[in-house]
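First up is the structure itself, then whatever we jot down about it.
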Amino acid sequence: MADTKTQKASDLFIECLEEEGVEYIFGVPGEENLDFLESLSGSNIKLILTRHEQGAGFMAATYGRHTGKTGVFLATLGPGATNMVTAVAYSQLGGMPTLAITGQKPIKKSKQGRFQILDVVSMMEPITKFTQQLAAGDNIPSRVRECFRLAEEEKPGATHIEFPEDIAEEMSDSRPIKPSIARRPSAEVKAVKQAIDAIEKAEKPVLVIGAGANRKMTSKMLLELVEKTGIPFVTTQMGKGVIDERHPLFLGCAALSAGDFCHRAIEDADCIVNIGHDVIEKPPFFMHDDGVTVLHLSTKTAEVDPVYFPQIEVIGDIANAVWQIKEGITKQDKWDFGKMLEYRAAELAHTAPLAADARFPIFPPHLVQQVRDALPEDSIICLDNGVYKIWFARNYTAYLPNTVLLDNALATMGAGLPSAMMSAMLYPERKVMAICGDGGFMMNSQEMETAVRLGLNLTVLILRDDAYGMIRWKQANMGFKDYGLTYGNPDFVQYAESYGAKGHRVESSAHLTEVLTHCRDTPGVHLIDCPVDYTENDQILNHDIKELSAKL
């Protein structure tokens, strides 16, 4: 009888990825991936070779964040897989759909003993929605389809497949499984009615917009709800831009832990409507059993947490839930948002003179304003992790969803540059800027070569303080002596030019304006070395803001 297993398993795997609509695979292949790589060479899927597996994973996660489709990245066994781990956790905690593929030695018969072998599946288990080793080529279609289904299902996240060498070269007659069409369930009518009743009974309701609301249709529905009711809104860091922050009912972004003007506004409310919140993201408020009603609108029930235990939950498609509330709610004459709006006015009044301070090295609030003024409405900024993230979250006005990409879930350093690279690939007509501290930039600075090789148009703005500034800020706030957090840096202009990028060094506030304009209008990869003055971080963020807001 003729053998019907007519296709190599690695070819089948690539076919399954094509069926899922995969456009790119990011990664650093090893010898255990060579069958997969050979099969990929005949595909219309583009391989994006990076200089580190972490960079590949951050790019894949950002692809998922922008598109809602699964970003795919590749590594070999052992050290390749361990290098992936931070990016896998980044996409899992941040709600970005990804599939990580790792190679492995032959599992049926190997002559290399335990060389480079780790239990990668067990390692990935706590930080993914699904992980499995492929033990037969025939299983590839079902496993790949399951990974994509789970990665994209709310809340999106990370999946992983281990693809051993001997399985990759097996023959199989299995065929790809076509993706199914699934719609998320709508929120239950009684739950929506409960939510409407609670909001209408309140005197000072407020909306808090989280990461899970950062979806196109949810953004549209939320704006309609705000316009109909006049209820003001706060965002979390990962909810920035869901509604245009120039809106007169915007109360600010919860960037600090507590005590900011927007936190005082939330404390003034007697009904908090939390939309798309997840306790993985730093809490925008601390809940107490004090008579304030908290509503939870999300695709999943709320995880009970010491600071979050909502009384009313509306579970289902978030956009649909917001639409149902918008359709059923009646604007109440008794609602009073005067005090909340007073807090916002006070914040703007406090920020204005700081933003105008043209000292050198550059003052963070002034830098934020300069960047905003230089960039068009649909520009995308991709923040690495550092104390500047707080300044940008508070003071940078986001006009559109997914135009301020920051990570307030894993909050890892090193993601800013790869995230900007992916954004520039997806949206070549838009202006893209990576904003990094010198510490975070150096964690994945080698991807400058990848950006130049890919012919991308983007600017990397390095805020240089020659220290791990975020931790130094915390160290000062805790009353500890300044110790153990400073370092030296390369000449960033020469460093950029060694990769074939264009380097610029800021020499004054006026020069920063010139450099930002030049980089915006000139194609290619640009790096800006911008010295920053962080000396007032502790005073402003930990003391001035909290004292001023408490006096209102």
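Some points to look at:
- In the stretch 208-224, of all residues being assigned to a helix (DSSP H, G or I) and hydrophobic (A, V, I, L, M, F, W, C), the one that is nearest to the chain's Cα centre (by Cα) corresponds to A211.
- Close contacts from the stretch 506-520, counting a first residue that is surrounded by 15 or more Cβ atoms within 10 Å (Cβ to Cβ) and a second that is among the basic types (K, R), with Cβ to Cβ under 7 Å and a gap of 6+ residues or different chains, come to R520/K431.
- Only one of the numbered conditions (1) under 27 Å from A355 (Cα atoms); (2) among the acidic types (D, E); (3) surrounded by 14 or more Cβ atoms within 10 Å (Cβ to Cβ) is not met by E547, and that is (3).
- Residue within the stretch 531-544 that is modelled with pLDDT of 95 or more, surrounded by fewer than 22 Cβ atoms within 10 Å (Cβ to Cβ) and out of contact with any Pro (no Cβ under 9 Å at 6 or more places or on another chain) present: no
- For first residues located in the stretch 277-293 and free of Cβ contacts under 8 Å to residues at least 40 places away in the same chain and assigned by TED's automatic domain parsing to the domain that holds K204, partners that are hydroxyl-bearing (S, T, Y) and in a strand (DSSP E or B) and lie 6+ apart or on another chain with Cβ distances below 7 Å form the pairs V279/Y308; P283/Y308; M287/Y308.
- In the set S257, S186, only one residue is touching a residue at least 12 places away in the same chain (Cβ under 8 Å), of a type in the set (S, T, Y), in contact with a Gly (Cβ under 7 Å, 6 or more places away or on another chain) and assigned to a loop (DSSP other than H, G, I, E, B); that residue is S186.
- Single residue of the stretch 436-459 satisfying the filter (in contact with a Phe, Trp or Tyr (Cβ under 7 Å, 6 or more places away or on another chain) and buried (at least 22 other Cβ atoms within 10 Å of the Cβ)) that is farthest from V532 (Cα to Cα): M448
- Note on the stretch 250-264: residues that are touching a helix residue (DSSP H, G or I) at 6+ places or on another chain (Cβ under 7 Å) and of a type in the set (G, A, S) total 4.
- Test: E125 is within 26 Å of the chain's Cα centre (by Cα), within 26 Å of H277 (Cα to Cα), charged (D, E, K, R) and surrounded by fewer than 21 Cβ atoms within 10 Å (Cβ to Cβ): yes
- Residue in the stretch 485-492 that is surrounded by 15 or more Cβ atoms within 10 Å (Cβ to Cβ) and farther than 25 Å from L375 by Cβ present: yes
- Breaking point among (1) closer than 30 Å to T6 by Cβ; (2) without any contact (Cβ under 8 Å) to a residue 24 or more places away in the chain; (3) surrounded by 14 or more Cβ atoms within 10 Å (Cβ to Cβ), for P176: (2)
- Of all residues in the stretch 385-419, exactly one satisfies the criterion of being farther than 19 Å from G469 by Cβ, over 11 Å from the mean Cα position of the chain (by Cα) and outside any loop (DSSP other than H, G, I, E, B), namely P418.
- Among the conditions (1) modelled with pLDDT of 95 or more; (2) of a type outside the set (D, E); (3) surrounded by fewer than 24 Cβ atoms within 10 Å (Cβ to Cβ), the only one that T412 does not satisfy is (1).
- Residue match in the stretch 344-362 (condition: closer than 30 Å to K300 by Cα and among the basic types (K, R)): no
The values are calculated or read from the model by the stated rules, or taken from the named source; none is laboratory data. This one's a predicted model, so the numbers in the text were calculated from it and none came from an experiment. Virtual Cβ from ideal backbone geometry, glycine too; neighbours counted across all protein chains shown.
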